[in-house]
1. Which pairs turn up if I take residues in the range 124-149 that are closer than 27 Å to residue 195 by Cα and look for partners that are in a strand (DSSP E or B) and of a type in the set (S, T, N, Q) with beta carbon separation below 6 Å, at least 6 apart in sequence or on another chain?
2. Test of understanding: among 173, 218, 197, which residue is touching a helix residue (DSSP H, G or I) at 6+ places or on another chain (Cβ under 8 Å) and either touching a residue at least 60 places away in the same chain (Cβ under 8 Å) or of a type in the set (D, E, K, R) (or both)?
3. For residue 129, are the conditions met, namely being small (Gly, Ala, Ser), out of contact with any Cys (no Cβ under 9 Å at 6 or more places or on another chain) and either outside any loop (DSSP other than H, G, I, E, B) or under 20 Å from residue 204 (Cα atoms) (or both)?
4. Go through 47, 98 for me and flag whichever is of a type outside the set (A, V, I, L, M), outside any helix (DSSP H, G or I), surrounded by fewer than 16 Cβ atoms within 10 Å (Cβ to Cβ) and in contact (Cβ under 8 Å) with a residue 60 or more places away in the chain.
5. If you go through the range 100-137 one residue at a time, how many are over 16 Å from residue 54 (Cβ atoms) and in contact with a Ser or Thr (Cβ under 6 Å, 6 or more places away or on another chain)?
6. Do you know which residues across the range 111-132 are modelled with pLDDT under 95 and at positive phi?
Amino acid sequence: MPDPKAVNTMFARIAGRYDLANHLLSGGVDFWWRQKLVRAVHDAHPGDILDLATGSGDVAFALADGLPARVQVTGMDFCQPMLDEAVKKRAASPRWIGIQFKQGDGMALPLPDRSFDAVTIAFGLRNMADRHQALTEMRRVLRPGGRLFVLEFSQPYFWFRPFYYTYLKFILPAIAGLVTGDRSAYEYLCGSVDNFPGRTEIAEEIRRAGFGSVSATPLTFGIVALHEAHA
């Protein structure tokens, strides 16, 4: 499992160029992945939303853009430099002024029980030192009938794996090193993707944390999956 202190330090180092690297390394497909998540959340018509592992806030901003002003969106992350980037973005647009950003550990959320109608987490579950504990915390802060949305890397379709893992292990770290100046951070991130379970296994982990009606939708040849579940 990832070491929390090392993960925090790594994200702090790359915070300033994290967004640019994501867009370049995914070929822009990350915008589409986020929009799939956002549309699923909007279709559920939630009230208060927690975006966990919010990073620089891209998911929180996208969620807020299509929701009534009465819906409170809170972004939470344990890496303060990433949150600093989110706060800078919030200051650039009046329509985002109501979004709250808070520092917090996903395995011990500083939040009361049953305080949100939806929890989203995009590409953050694999960085949790204890996924079961993190999922249990997400379940705790959801109100009865609330929804969980997990967008995360997965294991690609069998035929696509040779192409994907060649890119992931050799090409991506080299490009990321040029963009961010920190190749080692992306070697860790690539390793975390390589070792992460597939969508069937993650769906079962979500069930074990107390969720029901769990579904998993593969995206882009299975390299990413959108998981949905009910509290």
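The values are calculated or read from the model by the stated rules, or taken from the named source; none is laboratory data. Nothing here was measured: the structure is a model prediction, and the numbers come from that model. Cβ sites come from the backbone with ideal geometry, for glycine too, and all protein chains shown count toward neighbours.
1. 149/120
2. Within the list 173, 218, 197, the selection yields 218.
3. Yes.
4. 47
5. Number of matching residues: 0.
6. 123
Listed here are the residues, each with its yes/no results for (1) within 11 Å of the chain's Cα centre (by Cα); (2) β-branched (Val, Ile, Thr); (3) part of a loop (DSSP other than H, G, I, E, B).
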| residue | (1), (2), (3) |
| --- | --- |
| 67 | no, no, yes |
| 71 | no, yes, yes |
| 90 | no, no, no |
| 147 | no, no, no |
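Here is a yes/no grid of residues against (1) within 24 Å of residue 18 (Cβ to Cβ); (2) surrounded by 14 or more Cβ atoms within 10 Å (Cβ to Cβ); (3) of a type outside the set (A, V, I, L, M, F, W, C):
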| position | (1), (2), (3) |
| --- | --- |
| 122 | yes, yes, no |
| 136 | no, yes, yes |
| 139 | no, yes, yes |
| 154 | yes, yes, yes |
| 161 | no, yes, yes |
| 194 | yes, no, yes |
| 216 | no, yes, no |
